[in-house]
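Just below is one structure, and these are the notes that go with it.
The values are calculated or read from the model by the stated rules, or taken from the named source; none is laboratory data. From a predicted model like this one, the values you see are computed outputs, not experimental measurements. Every residue, glycine among them, receives a Cβ derived from its backbone with ideal geometry; neighbour counts consider all protein chains shown. Calculation scope for accessible area: heavy atoms of the full protein, side chains included, ligands and nucleic acids excluded. Shrake-Rupley method; radii C 1.70, N 1.55, O 1.52, S 1.80 Å.
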Amino acid sequence: MRVEHPAAFRFIINEDIYLLPDDKEQQSKKVVKVAEPAPISFNYLGNNQKKFLILTHYPDMEAIDVTHLTALEAILERKGYQQDDVAILNIARNAAGMEEIISYFSPERLLILGPKAIPAGMAEPQLNTLITTTPYRTLYSFCFYDMMDNKANKLTFWEQMKNL
């Protein structure tokens, strides 16, 4: 007998259908695939070779303003770092929270340049005070817009940066 419409089965077969023991085992062994979250990736400048993470906030740029990058590179050179030693992450272009950032980069040093560069999930640290109580050393300081034309801000930043 050939049935073309599935709803017709209830008129043709009116017996209850039971599963055999082997069928029950196969039914219980069905694997439900759980979708794994996509691995997090970040678009950042540098190679993070020395686990030094620098957080910036530049909504109109990929990582950091060119003149600010030149100033930052000069500061890093005085401390013995090169661009490959650090990771410069623009928070304005990466919406990840603090936990994701820390688990991805595993920093030993963290420099936050300006209040807008503080990632979601992180309490605002004390300005220009080196924090050593976390697993990584943290310095929250002025953004480069506030430092470029202000000698006092530059000096304050450099005094703390020497110890980071």
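Could you list, in sequence order, the residues of segment 50-72 that are open to solvent by 60 Å² or more (accessible area, probe 1.4 Å) and out of contact with any strand residue (DSSP E or B) (no Cβ under 8 Å at 6 or more places or on another chain)? The answer is Pro59, Asp60, Val66, Thr67, Thr70.
Please verify whether Tyr145 is aromatic (Phe, Trp, Tyr) and in a loop (DSSP other than H, G, I, E, B), treating the condition exactly as stated. No: the conditions fail for Tyr145. The set of residues in segment 73-87 that are open to solvent by less than 20 Å² (accessible area, probe 1.4 Å) and basic (Lys, Arg) is empty.
Residue pairs whose Cβ atoms lie under 6 Å apart, sitting 6 or more positions apart in sequence or on different chains, and linking a residue in segment 108-130 that is closer than 19 Å to Ala96 by Cβ to a partner that is part of a loop (DSSP other than H, G, I, E, B) and of a type in the set (Asp, Glu), are Ile118/Glu124. Scanning segment 88-126 for residues that are in a loop (DSSP other than H, G, I, E, B), on the phi < 0 side of the Ramachandran plot and either surrounded by 14 or more Cβ atoms within 10 Å (Cβ to Cβ) or under 12 Å from the mean Cα position of the chain (by Cα) (or both) yields Asn94, Ala95, Ala96, Gly97, Pro107, Ile118, Pro119, Ala120, Met122, Pro125.
Check segment 109-126 and report whether any residue there is under 24 Å from Leu69 (Cα atoms), in contact with an Asp or Glu (Cβ under 9 Å, 6 or more places away or on another chain) and among the small types (Gly, Ala, Ser). For segment 109-126, residues under 24 Å from Leu69 (Cα atoms), in contact with an Asp or Glu (Cβ under 9 Å, 6 or more places away or on another chain) and among the small types (Gly, Ala, Ser): present. Ser141 passes every criterion in (1) surrounded by 13 or more Cβ atoms within 10 Å (Cβ to Cβ); (2) out of contact with any Phe, Trp or Tyr (no Cβ under 6 Å at 6 or more places or on another chain); (3) of a type outside the set (Lys, Arg) apart from (2). Do the conditions hold for Tyr140, that is, is it within 22 Å of the chain's Cα centre (by Cα) and among the aromatic types (Phe, Trp, Tyr)? So Tyr140 fits the description; yes. If a residue must be outside any helix (DSSP H, G or I) and open to solvent by 10 Å² or more (accessible area, probe 1.4 Å), how many such residues does segment 148-164 contain? Residues flagged as outside any helix (DSSP H, G or I) and open to solvent by 10 Å² or more (accessible area, probe 1.4 Å) within segment 148-164 amount to 5. Among residues of segment 137-150 that are hydroxyl-bearing (Ser, Thr, Tyr) and modelled with pLDDT of 90 or more, those with a Cβ under 6 angstrom from a residue that is in a helix (DSSP H, G or I) and open to solvent by less than 40 Å² (accessible area, probe 1.4 Å), sequence gap 6+ or separate chain, pair up as Ser141/Phe157. Annotation: of all residues in segment 127-136 being open to solvent by 80 Å² or more (accessible area, probe 1.4 Å) and hydroxyl-bearing (Ser, Thr, Tyr), the one that is modelled with the lowest pLDDT is Thr133. Among all residues of segment 63-71, there is at least one that is farther than 19 Å from Met161 by Cα and either part of a strand (DSSP E or B) or among the hydrophobic types (A, V, I, L, M, F, W, C) (or both).
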